[in-house]
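**Student:** Quick one: the structure is below, questions incoming.
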Amino acid sequence: MKNVSITRKTKETDIVLSLNVYGSGKSDISSGNGFFDHMLTLFAAHGRFDITLKCAGDTYVDFHHSAEDIGIVLGQAFKEAYGDKKGINRYGFFILPMDETLMLCAVDASGRAHLSYTADIPYEMIGDFPTELAEEFWLAFARASCFTIHIKELDGKNSHHIIEAMFKCMGRALAASAAPSGFEDVPSTKGAL
């Protein structure tokens, strides 16, 4: 694992990101949306990732482009940080309770991009954050990282709790996948991922 810095500049967003997968959970997040800043801060803290993120996006349109592009950049950073994946667990999962909510997240750093997302979020907005963008963010992350990701809401009623549990749970699942396996090989009988 290595520290990674990535920039992405389009006509819609200008993003600068640094990531240390084996950090201490420190973060400095400025996405352009307060609720999303909170979610990424929780993600970093629960995964023990050090993340610095600055995004200037066309939020006068809405937050969609920023959420999606942040997912792309963060996914690229994880893909680069995992490198050839020698010596890591590859797989990680976690089940996280948060009040009435119960969330399951599982990840396979397989090199095959896939998102399976099941969440019933009652409200369309949390503050100025459209709740449908949680799925868009994780879809962009899965595609850019080339990870297989499963996010399953097992129980929940409160929209804030559901999305918060999702980000905390994914942080812990990714931390488990990145953890040293105790073996030096690539975690695949193919010899490569």
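What follows draws every value from the coordinates through simple rules; no lab data is involved. Please read these numbers as outputs of a predicted model, since none were measured by experiment. FYI the Cβ positions are ideal-geometry reconstructions off the backbone, even for glycines, and counts take in every protein chain you see.
**Student:** Whole-Hz ³J(HN,Hα) for each residue in the stretch 27-43, computed from phi via Karplus 6.51 cos²θ - 1.76 cosθ + 1.60 with θ = phi - 60°, x for glycine and proline: what do you get?
**Tutor:** Once θ is set to phi - 60°, the couplings for the stretch 27-43 become 8, 9, 10, 9, 8, x, 9, x, 5, 5, 4, 4, 5, 5, 5, 5, 4 Hz.
**Student:** Here's a follow-up. Taking 8 Å as the Cα distance limit and 6 or more residues as the minimum spacing, I'd like the relative contact order of the stretch 4-178 as a percentage. All intermediate terms of the calculation are to be shown ahead of the outcome.
**Tutor:** On the way: 428 pairs, mean separation 48.7, N = 175.
This gives 28 percent for the stretch 4-178.
**Student:** Under 4.7 Å Cβ to Cβ, no partner at all: give me those cysteines from the chain, in residue order.
**Tutor:** Result for the chain is CYS55, CYS146, no neighbouring Cys Cβ within the cutoff.
**Student:** Whole Å is fine, so just give me how far the alpha carbon centre of the stretch 23-74 lies from that of the stretch 101-176.
**Tutor:** A separation of 14 Å, based on Cα centres.
**Student:** Can you give me the long-range amide H partners of ASP28? Hydrogens built in the peptide plane at 1.01 Å from N, cutoff under 5 Å, separation of 5 or more residues or another chain.
**Tutor:** ILE51, THR52, LEU53
**Student:** Let a ≥ b ≥ c be the square roots of the eigenvalues of the Cα gyration tensor of the chain; is it rounded (a/c under 1.5), or, if not, prolate (a/b larger than b/c) or oblate?
**Tutor:** Values: a/c = 1.80, a/b = 1.26, b/c = 1.43.
It is oblate, given that a/c is not under 1.5 and a/b is not larger than b/c.
**Student:** Kindly state, to the nearest 0.05, the FRET efficiency for LYS157 paired with THR10, given R0 = 30 Å and r defined as their beta-carbon distance. Working shown, then result.
**Tutor:** Working: r = 37 Å, r/R0 = 1.24.
With a Förster radius of 30 Å, E is 0.20.
**Student:** Cross-chain or 8 or more residues apart, Cα under 15 Å: how many lysine pairs in the chain fit that? Count them up, please.
**Tutor:** Step by step, the pairs that qualify in the chain add up to 9.
**Student:** DSSP loop (so not H, G, I, E, B), at most 14 other Cβ within 10 Å: list which GluC sites (Glu not before Pro) in the stretch 113-148 pass both filters. Could the numbers behind the result be given before it?
**Tutor:** On the way: sites: GLU124, GLU132, GLU135, GLU136; in loops: GLU124, GLU132.
Answer by residue number: GLU124, GLU132.
**Student:** Moving on to the next point. Looking at the chain, which longest stretch skips every one of the trypsin sites (Lys or Arg not before Pro) that is in a DSSP loop with at most 15 other Cβ atoms within 10 Å, leaving the sites themselves out?
**Tutor:** Numbers: sites that count: LYS2, LYS11, LYS26, LYS86, ARG112, LYS157, LYS190.
Maximal segment without exposed cleavage sites: 27-85.
**Student:** Grab the beta carbon distance between TYR22 and TYR60, set R0 = 30 Å, and tell me the FRET efficiency rounded to 0.05. Don't skip to the answer; put the middle values down first.
**Tutor:** On the way: r = 38 Å, r/R0 = 1.25.
The formula returns an efficiency of 0.20 here.
**Student:** In the chain, which longest range has no chymotrypsin sites (Phe, Trp or Tyr not before Pro) that are both DSSP loop (not H, G, I, E or B) and surrounded by at most 12 other Cβ atoms within 10 Å?
**Tutor:** Numbers: sites that count: TYR60, TYR123, PHE183.
No qualifying site falls inside 61-122, the longest such stretch.
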